[in-house]
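Participant: Attaching a single structure in structure tokens format; questions to follow.
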Amino acid sequence: MTPTGAATDAPPTTVEVPWQRLDARMIAVDGVRLAGALVPLAIAVLLRNADATAVVSTLRTLAFIGVASALHDLWRWSTTWYRVTEARVEVRTGVVSRRHRSMPRDRVRRVDATAKLLHRAFGLAVVTIASGEQSGATDDLKLDAVTTGRAGELRHLLLGTPVAPGGLPADAPGRSTWVEPAPGAAEDETVLASLRWGWAPYSVLSVWTLLLPAVAVTAVLQALSAIGVSVEEVAEDDRIVDRARELSPAVAVALVVVTIVVVGVAGALLRFVETWWGYRLVREPGGRLRIRRGLLTSRSISLDESRLRGVELTEPVLLRTAGGARLHAVTTGVGEGAGGESAGTLLPAAPIGEVDRVAAAVLHEQRAPTDHADLRPHPPAALRRRLSRAALVVGAVALGLVAAEVGTTGRSVTPGAWASIPLVAAGAIAYARASYRSLGHALERRYLVVRRGALVRRTVALRRTGIIGWTVRSTLFQRRLGLATVVATTAAGRGAYALVDVDAREGLQVAGDAVPGLLDPFITDA
Amino acid sequence: MHAVPHPDADSPAPPDAPTLRLRPPRHQVDRRAISLWSVRAALTAVGVVAGLALLAAVVEPARTWLSLAVMAAVVGGAVYVVAMPRIRYRVHRWEVTDVAVYARSGWLTHEWRVAPLSRVQTVDARRSPLDQAFGLSSVRITTASASGDVAIEGLDHRLAADLVESLTAATQATPGDAT
């Protein structure tokens, strides 16, 4: 039952491009997943007579979910077809409720190939094709999965590689479109950066290094209690409690801290290896940036360079004190990265010098605009705003304590709680000052550079040609202080980059100068 | 591009804060917008007061505090219903030039937005039931930026339709995908 959709875009002389299935090896992948899902079931059967009904039912549920998802995936494979015509990428899925999605080829901004361990074992990769639309990841076309060779062909076909105006190589009239030059033959690619093991410590400098072990331990305890295993019972059975009692409290605390740190650091290093193994950032002929990385799950991310609108440098406070930073591409087709490594992450956490070098190389500049830009600080009124907010926070905490004192008749709030107020005040003031110090902006020859953020300092260099609108905002308080928040809107990255609490006059000046003819007609000298 | 009529081109502009030198957009929104915003504010205020009153009736131990909150909400709501629409009416203004859409909105926080016509992706007029009751319409102009939308509330619905038509015509004249 080969679906034969009407090739609406093709001129009548062209033979219709046939629809293709995903790779048949996905059946094998699903088979392995099915077998894997049966393992918990087998254990459940073995444990049936043991006194652990909660565990058995959990295992059964796991097995059921595994089998169902493997079968569902098999169904998905058998009902998914795709093709690349001259003008569009099309994917159709489903039999009962059919879904036909198509994306104009000139809208394709990013082509990703991701291969988890199982996919890799069968030489497969999941290809994600993203357009420049901002409406969300649901609009991405996902091919799960095709062979890695086909993934490379798709990448070459859909991004860059200038061919005949129709999008098809001229010597292949009417044939299927798989006539690209063999991928991997790109000898003339430029390596912009490749992995250095010396960067690993920078990846450890993250709050997640200590938070993740804590979260993991909590999750394990929760899961154990959910299936009826009580930690207290286990501890009592063992001699752990006795041993623990022999330790002095200081030693016990030190032991816990050391354990968390060791586990956290080891985990962070493992994650670094898994994520960044074999990392290479290259510029391919035809204007593509390509990032390859990953040990178990390998990823290949290709970005259309003509859609690059700038770079964002992020410096979380820990990393910054060690002289490190992260680098992200500001480009259409890559939305806001959720914290860690998103598709637009160009480099692992690395020394600032290296980050600047790569930023400059990616932008075709001599020096990174995020580096040499002479950022102008924002007026002292911005600091005053932040200090007033700090005062509000401290006031709220104090008010809460007073309320607690009044509410709990008889029992007074412990002195320790009151002693926390100076601490809260010191923290709030330090935060306000750090937040103010981060504020800055500069107008470079080709870039608008803005910086903000207390705990995570973000410096964005946005190409002035990429700015497609302005928003100027001023609250009652800002107006009284002569401040404003001037926001450049763009199709790329986060969609908006703000000069927060800038001097109103200066902010407008910058906005007017950055994109001549856009905001300046509305600025008056009155 | 002056296909759009100027209903009140010479109405007095509200005084701007002296430091912000963005000139006010040329047109004011329809006067009926004050009624629209008043009704909307009244609905919100009544909802909040009713919610708090319900809590006060149900939660026995915190009744005194919640009664105080109800009274505060009544006073605050009354001020909001009376003041907000009038202030808003003085702030909300809009303008379409040959190259850009320019609008100002807000009441306590003022927001100026400008989007070039060459980057406009969609233009649509929306009419909520309340809008329809007052013969109004709001126009939303989206660009390729996730946060670059320009919205003009409280336009006469015929004017809004004309505006959508002329903006659509203007943006279709621009090639490319506006990113």
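Participant: Is it true that residue A:421 is among the aliphatic types (A, V, I, L, M), at pLDDT below 95 and closer than 25 Å to residue A:362 by Cα? Spell out the reasoning first.
Facilitator: Working: among the aliphatic types (A, V, I, L, M): yes; at pLDDT below 95: yes; closer than 25 Å to residue A:362 by Cα: no.
Judged against the criteria, residue A:421 is not a match.
Participant: Among the residues in segment B:134-146, are any under 24 Å from residue A:462 (Cβ atoms) and under 15 Å from the mean Cα position of the chain (by Cα)?
Facilitator: As a first pass, look at segment B:134-146 and keep what is under 24 Å from residue A:462 (Cβ atoms): B:141-146.
Subsequent filtering for residues that are under 15 Å from the mean Cα position of the chain (by Cα) retains B:141.
Scanning segment B:134-146 turns up at least one residue that is under 24 Å from residue A:462 (Cβ atoms) and under 15 Å from the mean Cα position of the chain (by Cα).
Participant: Name the single residue, out of those in segment A:450-481 being of a type in the set (Ser, Thr, Tyr) and crowded, with 17+ Cβ neighbours inside 10 Å, that is farthest from the other protein chains (Cβ to nearest Cβ).
Facilitator: A:459
Participant: Shifting gears a bit: Looking at segment A:482-495, which of the residues that are in contact (Cβ under 8 Å) with a residue 60 or more places away in the chain and under 23 Å from the mean Cα position of the chain (by Cα) is farthest from the other protein chains (Cβ to nearest Cβ)? So that I can check it myself, show each step before the final result.
Facilitator: To start, the set of residues in segment A:482-495 that are in contact (Cβ under 8 Å) with a residue 60 or more places away in the chain comprises A:482-483, A:490-495.
Restricting the remaining residues to those that are under 23 Å from the mean Cα position of the chain (by Cα) gives A:490-495.
Details: A:490: 6, A:491: 4, A:492: 8, A:493: 9, A:494: 8, A:495: 3 Å.
My answer is A:493.
Participant: Oh, and also: Which one of these is in contact with a strand residue (DSSP E or B) (Cβ under 6 Å, 6 or more places away or on another chain) and buried (at least 16 other Cβ atoms within 10 Å of the Cβ): B:138, B:118? Break it down into steps so the answer makes sense when it comes.
Facilitator: Values: B:118 fails: in contact with a strand residue (DSSP E or B) (Cβ under 6 Å, 6 or more places away or on another chain).
Going through B:138, B:118 in turn, just one is in contact with a strand residue (DSSP E or B) (Cβ under 6 Å, 6 or more places away or on another chain) and buried (at least 16 other Cβ atoms within 10 Å of the Cβ): B:138.
Participant: Give A:96, A:67 a once-over and let me know the one that is without any contact (Cβ under 8 Å) to a residue 12 or more places away in the chain and among the β-branched types (Val, Ile, Thr). Show your work before the answer.
Facilitator: On the way: A:67 fails: without any contact (Cβ under 8 Å) to a residue 12 or more places away in the chain.
The unique qualifying residue is A:96.
Participant: Residue under question is residue A:332, and the condition is that it be touching a strand residue (DSSP E or B) at 6+ places or on another chain (Cβ under 7 Å) and modelled with pLDDT under 90; does it hold? Lay out the reasoning, then the answer.
Facilitator: Numbers: touching a strand residue (DSSP E or B) at 6+ places or on another chain (Cβ under 7 Å): yes; modelled with pLDDT under 90: yes.
Yes.
Participant: Here is a further query. Test each condition in (1) among the basic types (Lys, Arg); (2) out of contact with any helix residue (DSSP H, G or I) (no Cβ under 6 Å at 6 or more places or on another chain); (3) not assigned by TED's automatic domain parsing to the domain that holds residue A:123 for residue A:92 and report the one that comes out false.
Facilitator: Only one criterion in (1) among the basic types (Lys, Arg); (2) out of contact with any helix residue (DSSP H, G or I) (no Cβ under 6 Å at 6 or more places or on another chain); (3) not assigned by TED's automatic domain parsing to the domain that holds residue A:123 is unmet by residue A:92, namely (3).
The values are calculated or read from the model by the stated rules, or taken from the named source; none is laboratory data. Since we're looking at a predicted model, the values are computed, not measured. Glycine gets a Cβ as well: all are built from the backbone with ideal geometry, and neighbour counts include every protein chain shown.
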